[in-house]
1. Those residues that are buried (at least 16 other Cβ atoms within 10 Å of the Cβ), among the polar types (S, T, N, Q) and not in a strand (DSSP E or B), I need them from the range 151-204; list them, please.
2. With respect to GLN94, determine if the residue is surrounded by fewer than 16 Cβ atoms within 10 Å (Cβ to Cβ), modelled with pLDDT of 95 or more and either among the polar types (S, T, N, Q) or outside the structural domain of LEU170 (by TED's automatic domain parsing) (or both).
3. Could you identify the single residue in VAL251, VAL212 that is at pLDDT 95 or above, touching a strand residue (DSSP E or B) at 6+ places or on another chain (Cβ under 9 Å) and surrounded by 10 or more Cβ atoms within 10 Å (Cβ to Cβ)?
4. Name every residue in the range 26-48 that is surrounded by fewer than 18 Cβ atoms within 10 Å (Cβ to Cβ) and either in contact (Cβ under 8 Å) with a residue 12 or more places away in the chain or closer than 21 Å to TYR222 by Cα (or both), in order of residue number.
5. How many of the residues making up the range 51-91 are more than 20 Å from THR27 (Cα to Cα), in contact with a Leu (Cβ under 6 Å, 6 or more places away or on another chain) and either of a type in the set (A, V, I, L, M, F, W, C) or not assigned by TED's automatic domain parsing to the domain that holds ASP33 (or both)?
6. Is there any pair with a first residue in the range 212-227 that is on the phi > 0 side of the Ramachandran plot and a second that is small (Gly, Ala, Ser) whose Cβ atoms are under 9 Å apart and which are 6 or more apart or on different chains, and what are they?
7. How about the range 222-261: which of its residues are assigned to a loop (DSSP other than H, G, I, E, B) and farther than 23 Å from PHE18 by Cβ?
8. So which of ALA35, ALA19 ends up being closer than 18 Å to VAL212 by Cα, of a type in the set (A, V, I, L, M) and within 13 Å of the chain's Cα centre (by Cα)?
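The values are calculated or read from the model by the stated rules, or taken from the named source; none is laboratory data. Nothing here was measured: the structure is a model prediction, and the numbers come from that model. With ideal geometry, Cβ positions are generated from the backbone for all residues, glycine too; neighbour counts draw on all protein chains shown.
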Amino acid sequence: MRVTVQDLADYKRRDEKFAMVTAYDYTSAQLVDRAGLPLILVGDSLGTVVQGHDSTIPVTLQDIVYHSRMVVRGSQRAMVVGDLPFMSYRDAAQGLESAARLFQEGRVQAVKLEGGGKMAEVVAAIVEHGIPVMGHLGYTPQSAYQFGKQIVRGKTREQAHAIRDEARRLADAGAFAVVLECVPAALARMVTSELAVPTIGIGSGPDTDGQVQVWHDLLGLYADFVPRHAKQYARLAETIEGALTDYQDEVRAGLFPTERHASSLPEETLRALLQEVGQPRRA
């Protein structure tokens with residue numbers, strides 16, 4: 001049985017930390033599930049780490065639906081949360097329509113959306129129809145062009161008050177959890193203590209209820225880039241590049257494949273074929 005919203009609430013009640021990671025396909029979802037992580041996010045970060053865009057803006061709802069299907073098929077226990085992409089929830093009606101499609105076609109167990117303010121109305125509309133919603137405050141990548149190079153949010157008194165207020169509004173509207181991205185650690189700690197629902201941090205210090213990281217960052221799939229908020233638990237870019245180099249070298253040298261990498265021909269078939277060698281073929 002998959003992890004539920006109530007399970008996450010119980011984690012917070014017991015002061016039990018939990019981990020969340022992005023995944024974008026069947027194989028990665030299987031690995032996350034085997035490792036026992038309770039949450040998988042099919043993030044619109046796929047726009048940068050999978051599709052090669054310079055932001056998440058080009059990602060469509062169909063993209064998220066497509067990848068969510070694979071992740072859901074690859075997992076059995078983890079709750080799968082699908083991102084609502086840019087411009088797919090401009091108001092409550094559109095947000096509900098997009099969430100319903102992702103819920104029905106993508107088969108996710110929850111959706112995530114960015115922003116505060118009127119987003120509380122969107123959250124309430126979606127939750128009212130039985131679809132769990134995760135909020136997202138602080139640095140919101142879909143608003144990257146608005147923020148410019150200012151990544152950390154909440155440093156000024158006004159910003160800090162806004163984030164605290166928006167977090168409460170999202171929770172009151174029915175959000176079952178709130179992601180805090182690139183929020184100062186002290187502010188994240190404060191919001192976490194004030195909310196009845198779990199907070200999930202990324203670049204926001206150690207005191208949120210959970211943590212979320214991007215698959216490619218924590219596995220070291222980018223050899224030349226490590227975000228400040230990430231820790232590489234492996235350096236797979238080097239491992240993969242080395243494996244590909246070894247493969248190419250062995251093919252060129254005639255060392256791969258060998259006989260054991262192919263199927264054998266039954267002896268009677270081989271004898272019959274050898275007997276035919278040299279015999280003229282019938283017209």
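1. GLN159, THR192, SER204
2. yes
3. Of VAL251, VAL212, the one residue that is at pLDDT 95 or above, touching a strand residue (DSSP E or B) at 6+ places or on another chain (Cβ under 9 Å) and surrounded by 10 or more Cβ atoms within 10 Å (Cβ to Cβ) is VAL212.
4. The answer is TYR26, THR27, GLN30, LEU31, GLY36.
5. 1
6. GLY220/ALA234; GLY220/ALA237
7. TYR222, ALA223, ASP224, PHE225, VAL226, ARG235, GLY254, LEU255, PHE256, PRO257, THR258
8. That would be ALA19, the only listed residue that is closer than 18 Å to VAL212 by Cα, of a type in the set (A, V, I, L, M) and within 13 Å of the chain's Cα centre (by Cα).
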